[in-house]
1. Rounded to whole Å, give me the distance from the Cα center of segment 71-96 to that of segment 244-291.
2. Output the peptides 75-86, 186-197 sorted from most to least packed, where packing is the average of other Cβ atoms within 10 Å over each peptide's residues.
3. Separation between the ARG59 and MET353 pseudo-spin-labels, each 7 Å from Cα along Cα→Cβ, expressed in nm?
4. Read phi for every residue in segment 238-248 and hand back ³J(HN,Hα) as whole Hz from Karplus 6.51 cos²θ - 1.76 cosθ + 1.60, θ = phi - 60°, with x for Gly and Pro.
5. Based on the Cβ-Cβ distance of THR104 and THR421, what FRET efficiency does E = 1/(1 + (r/R0)^6) give at R0 = 35 Å, to the nearest 0.05?
6. With labels modelled as points extended 7 Å from the Cα through the Cβ direction, what inter-label distance (nm, one decimal) is found for VAL139 paired with ALA276?
7. Using label points projected 7 Å from each Cα along Cα→Cβ, tell me how many nm separate GLN202 and ALA334, to one decimal.
Amino acid sequence: MRRLSFAMRRAACRAHPLRMRCAGARRQHGAVAVVAVIWLSVAIAALGALDVGNVFFARRQLQRTADLAALAAVQMIGSTGGCATATTAAQQNAAANGFTAGGTTSINTTCGRWDTSKSTYFGTSGNPLNAVQVTTTQVVPYFFLGPSRNVSATATAFASNIDAFSLGTGIASINTQQSALLNAILGGLLKTSVSLSVGDTQSLATAHIKLQDLMVALGASTMQGLLGTTVSFQQLMVAMVTALQAGGDTINASILQKVAVAIPGGQNITIGDGGASSPGLLALGLANPNAAATATVNAFDALLVAAQIAERSPDGTQGNAPVINVAAGLAGVAGISLQVIKPPVLAVGEGGMLPNGTYRTMARTAVVNASVNLLPLTFAPISLNLGIGSISISALSTPIMLSLTSAQGTAALSSVDCESTKAATNATILVQPSIATVCVGANSTCGGTINVAEVTVWTLLTGTNELTKIAINGTGQLPLAPPSPQPVTFNGASGSFDSSVTVNSNAVGSDASTLTAQLLKVLPNTLQVTALGLNLTGVIQPLLSALAPVLSAALQPVFALLDAVLVPTLALLGVQVGTATVHNMSLTCGVSQLVN
């Protein structure tokens with residue numbers, strides 16, 4: 001049978017009464033081709049989705065591995081091993097989570113510093129290291145869409161190890177006399193009557209305020225906002241009371257409430273320290289200020305620093321700092337005058353140095369002018385045979401004025417070593433004690449001479465007894481020996497990082513003998529002898545050389561009284577001469593956080 005041509009079949013379909021069947025068959029034939037194309041596209045898309053899904057899954061696993069490894073590594077960045085220990089921790093953590101480097105996989109760890117003050121937050125330079133960046137890479141094959149490709153994920157973790165400390169403002173213990181002196185000083189600073197008992201002061205010295213609670217109490221939303229907050233002394237004290245209450249310390253909150261007073265004509269207090277020209281309560285040395293939210297500061301230290309800042313005149317200039325006259329009723333003391341030239345500052349931050357060579361976190365002592373006016377004193381007669389003559393010192397009955405201007409002492413956080421145990425964790429602080437310039441005289445300017453004794457002298461030069469007056473010339477400005485900086489280390493072996501250490505750079509045995517030892521060194525050069533109206537100092541110099549130790553022994557109680565009065569007075573203001581007490585308030589090893 002002959003097969004019909006296409007044209008003949010087409011003509012037959014047109015003439016046939018059931019030509020619709022012919023058209024449907026033709027359309028059905030075309031639909032099969034369309035469906036085949038659609039299914040082929042779906043198959044290709046499905047296979048491609050498998051490849052894409054596989055890459056996405058691999059990248060997610062790599063990111064999870066990088067995140068966990070970075071968090072593990074950054075916890076070790078502040079340890080003794082530093083970056084090497086952090087790198088090992090990252091590799092071990094990745095292996096523990098099923099990621100083994102080698103072949104088609106790799107892990108790379110970079111140690112650096114996270115600093116929000118820079119345009120590029122993470123960098124490999126800077127001190128101290130506080131961040132770790134981990135990159136994981138894997139070669140992922142494509143099953144259907146082509147060759148393999150490299151897939152990577154990067155995670156950056158940051159952690160701050162924060163120490164909080166002060167220099168000279170803390171007190172380990174306080175007695176009744178010091179309590180009276182503290183009330184007198186605070187009363188002078190705050191221009192009101194202050195009555196804190198010994199128990200109140202000792203309790204307040206153990207109270208700590210979390211900076212996050214203080215931030216909330218002052219209405220700041222961030223630590224940067226807290227540092228920029230400026231309030232009156234009264235507002236700050238009320239906020240500190242609220243912060244203590246938030247921490248559950250209602251006892252010390254009620255004690256602190258006693259000094260929440262308005263200071264007439266006082267200076268407002270900025271929480272963040274702006275240096276000598278703009279003093280503040282806290283010197284914060286952190287790349288990320290918000291990391292300090294969990295740090296704590298001592299309530300007593302903060303009270304004394306705030307009082308000294310607020311005491312200054314509104315323009316904060318040195319010349320306008322008022323003089324505080326303290327009459328504490330101390331035996332042998334007519335009065336004490338104090339002038340705070342520069343207030344101290346508390347320090348919170350990380351260890352290490354800035355690129356300019358200064359330390360990142362530093363506490364400072366106050367700079368103070370102080371004068372002590374002693375009442376006339378007497379001592380028992382002293383007689384001595386000197387070979388070339390004899391001497392009898394009969395009395396001492398003259399007022400003595402001692403004036404002191406302190407320089408500024410500093411404490412710099414050298415390093416923080418956060419280890420796996422509290423006992424092994426430590427902070428090292430480099431302490432530079434304050435030095436001072438001291439003068440002794442008959443008035444506040446250290447002028448004139450002090451008649452310290454009337455002496456009966458027999459010498460080979462005269463062969464007769466003479467009534468001779470011996471005086472101490474006004475010493476003018478006597479600089480005390482500059483101290484040397486010394487490192488102090490605090491650790492958690494006792495279970496707490498809240499402790500104090502005193503550095504004695506003068507090596508004189510005790511803080512109480514500092515002024516006495518220094519002043520008696522120059523005593524022979526200040527002696528002056530007059531007889532019958534004539535200055536015989538040069539004539540009988542051999543006698544003076546022998547006399548100086550005797551007179552020094554006689555004056556020891558006088559200068560010792562200056563130590564007993566002036567040293568604790570200055571210490572309450574954060575000033576110590578030749579020695580320095582560092583109060584470490586808290587040490588917080590950072591909780592790691594991802595920052596990318």
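Please treat every number below as a calculation from the coordinates, not as lab data. Keep in mind it's a predicted model, so treat the numbers as computed, not measured. Neighbour counts run over all protein chains shown; Cβ positions are idealised from the backbone, glycine included.
1. Each part reduced to its Cα centre gives a spacing of 37 Å.
2. Answer by packing, highest mean first, reads 75-86, 186-197.
3. In this crude spin-label approximation the distance works out to 4.4 nm.
4. With the stated coefficients, segment 238-248 comes to 4, 5, 5, 4, 4, 5, 4, 5, 5, x, x Hz.
5. FRET efficiency, THR104 to THR421: 0.35.
6. With each label placed 7 Å out from Cα toward Cβ, I get 6.4 nm.
7. Going from the GLN202 label point to the ALA334 one covers 3.6 nm.
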